[in-house]
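What follows is a short report on a single structure.
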Amino acid sequence: MGDREAGEPEAGGPEAGGPVPLLEPREGIPPVVADAEALAEIVARFAAGTGPVAIDAERASGYRYGQRAYLVQLRREGAGSTLIDPVGCPDLSSLGDALADTEWVLHAATQDLPCLAELGMRPTLLFDTELAGRIAGFPRVGLGPMVESVLGFTLEKGHSAVDWSTRPLPEPWLRYAALDVEVLVDLRDALEQELTTQGKLEWARQEFAAIVAAPPPPPRVDPWRRTSGVHKVRRRRQLAAVRELWQTRDRVARERDISPGRILSDAAIVTAALAMPLNLPALQALPGFGPRVHRRALEQWMAAVESARAIPETQLPPPSAPHEGPPPPRSWAEKDPLAAARLSAARAAVGTLAETLNLPQENLVSPELVRRVSWAPPRNATAEAIAAALHGHGARAWQVELTAPVLSQAFAQARVARAEA
């Protein structure tokens with residue numbers, strides 16, 4: 001959560017230049033629910049509540065392996081607020097069932113929905129206040145800035161990156177967590193009104209429905225290629241070392257339930273892969289493998305490097321990951337100059353339209369979708385044909401209606417420009 005930027009609107013807040021009050025829990029900090037009996041009471045209480053339910057989850061990213069939830073916060077009219085410990089209550093499906101027909105209000109829903117699903121909680125109706133803020137054209141859409149600019153309150157800061165797996169959780173952290181759902185429904189109502197005024201509410205509803213309907217993402221292909229700094233590694237043997245070191249780190253992190261970055265940094269992996277040390281002293285001389293690293297750990301990292309050195313040439317990883325869809329845009333000018341011209345014209349047209357509509361370009365239509373249609377457009381690139389292609393790639397109806405005509409026109413202009421060149 002950041003500070004409000006100068007000039008950001010304060011609709012519903014205090015007069016410009018006046019003090020912004022610190023948000024306080026209306027009923028104090030609720031007790032943490034950590035057993036089946038207390039959970040059953042919460043389920044009954046929230047089932048009897050009315051209106052949307054505000055939901056948030058806290059993870060221990062940077063401390064623990066994976067993205068599981070270590071605290072779940074909820075608030076609903078008539079039920080008040082609650083804090084639930086998923087360590088003591090690992091199955092929240094009864095709560096999910098009780099709220100199945102209720103609208104869930106989350107901020108940046110795609111971050112929390114996977115860990116909530118692991119607990120048995122899945123929405124059927126959603127309102128995402130961050131996404132609503134983007135579509136409404138707010139320049140800063142973090143929860144803190146949104147609450148401050150829309151409702152005129154300041155949220156406490158300072159505990160977003162703490163280790164939420166800590167037990168017992170300190171009272172200041174619980175206070176911080178409770179405040180995250182304190183006015184989320186109020187924010188939802190104000191944003192719904194703003195979207196209605198701008199004529200964008202239906203756009204937002206389609207986006208929310210798409211999030212609810214989205215299947216779980218497939219496992220990443222070659223996740224080790226996301227190692228920070230891997231672009232410095234050019235040789236296939238060195239790439240194999242990155243892979244072996246990454247996989248060793250991932251196994252150890254999973255076994256110890258520790259964030260991989262706390263086991264070995266990405267920078268150390270890349271450094272070792274580039275150096276390909278021949279022995280333990282050479283490895284220990286590298287940054288990230290110094291005297292403070294236990295010998296047993298050094299031996300396992302050295303074994304990973306040696307495994308990479310022993311891989312037959314034919315089994316080394318390719319320089320880049322296999323992927324579907326168009327090639328990287330930087331190669332288009334050489335491979336297909338007309339496609340490169342289409343992409344350039346399409347980006348410019350979509351950017352202009354997004355600016356006119358006062359929303360981010362990536363929310364109007366995803367850059368990946370623009371690339372796909374620009375690389376392989378319909379044979380007769382009419383607005384209708386492009387609309388069908390956009391639908392086929394998963395664009396929502398509102399996106400198709402707005403962008404198909406401008407993409408058709410952009411492609412036609414690119415064709416004329418190439419013919420005249």
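The values are calculated or read from the model by the stated rules, or taken from the named source; none is laboratory data. Since we're looking at a predicted model, the values are computed, not measured. Backbone-built Cβ (ideal geometry, glycine too); neighbour counts: all protein chains shown. Ligands, DNA and RNA are excluded from the accessible area calculation, which covers all protein heavy atoms including side chains. Shrake-Rupley method; radii C 1.70, N 1.55, O 1.52, S 1.80 Å.
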Members of the stretch 95-120 found to be among the aliphatic types (A, V, I, L, M) and in a strand (DSSP E or B), listed by number: Val105, Leu106
Tell me, please, whether a residue that is in contact with a strand residue (DSSP E or B) (Cβ under 6 Å, 6 or more places away or on another chain) and either surrounded by fewer than 16 Cβ atoms within 10 Å (Cβ to Cβ) or of a type in the set (Gly, Ala, Ser) (or both) can be found in the stretch 131-139. no
May I ask you to list pairs of residues, at least six apart or on different chains, whose Cβ atoms are under 9 Å apart, with the first in the stretch 271-282 being more than 21 Å from Arg234 (Cβ to Cβ) and the second being of a type outside the set (A, V, I, L, M, F, W, C) and assigned to a helix (DSSP H, G or I)? Leu280/Arg295; Leu280/Glu299
Take Val252 and decide whether it is touching a Ser or Thr at 6+ places or on another chain (Cβ under 9 Å), open to solvent by less than 30 Å² (accessible area, probe 1.4 Å) and hydrophobic (A, V, I, L, M, F, W, C). no
Looking only at the stretch 197-240, how many residues end up being open to solvent by less than 30 Å² (accessible area, probe 1.4 Å) and of a type in the set (Val, Ile, Thr)? 3
Does Ala419 count as farther than 18 Å from Leu131 by Cα and either buried (at least 19 other Cβ atoms within 10 Å of the Cβ) or free of Cβ contacts under 8 Å to residues at least 60 places away in the same chain (or both)? yes
If I filter the stretch 237-245 for residues that are over 12 Å from Ile269 (Cα atoms) and touching a Phe, Trp or Tyr at 6+ places or on another chain (Cβ under 9 Å), do I get at least one hit? no
Residues of the stretch 187-220 that turn out to be under 15 Å from Ile55 (Cβ atoms) and over 23 Å from the mean Cα position of the chain (by Cα), as a count: 0
Flag if Ala321 is surrounded by fewer than 14 Cβ atoms within 10 Å (Cβ to Cβ), touching a residue at least 24 places away in the same chain (Cβ under 8 Å) and touching a Lys or Arg at 6+ places or on another chain (Cβ under 6 Å): yes
Anything in the stretch 144-179 that is aliphatic (A, V, I, L, M), closer than 16 Å to Val72 by Cβ and not in a loop (DSSP other than H, G, I, E, B)? List them, or say none. Leu174, Ala177, Ala178, Leu179
Do the conditions hold for Ile84, that is, is it farther than 30 Å from Ile258 by Cα and modelled with pLDDT of 95 or more? no
Only one of Glu368, Glu384, Glu362 that is part of a helix (DSSP H, G or I), open to solvent by 30 Å² or more (accessible area, probe 1.4 Å), of a type in the set (Asp, Glu) and touching a residue at least 24 places away in the same chain (Cβ under 8 Å): Glu368
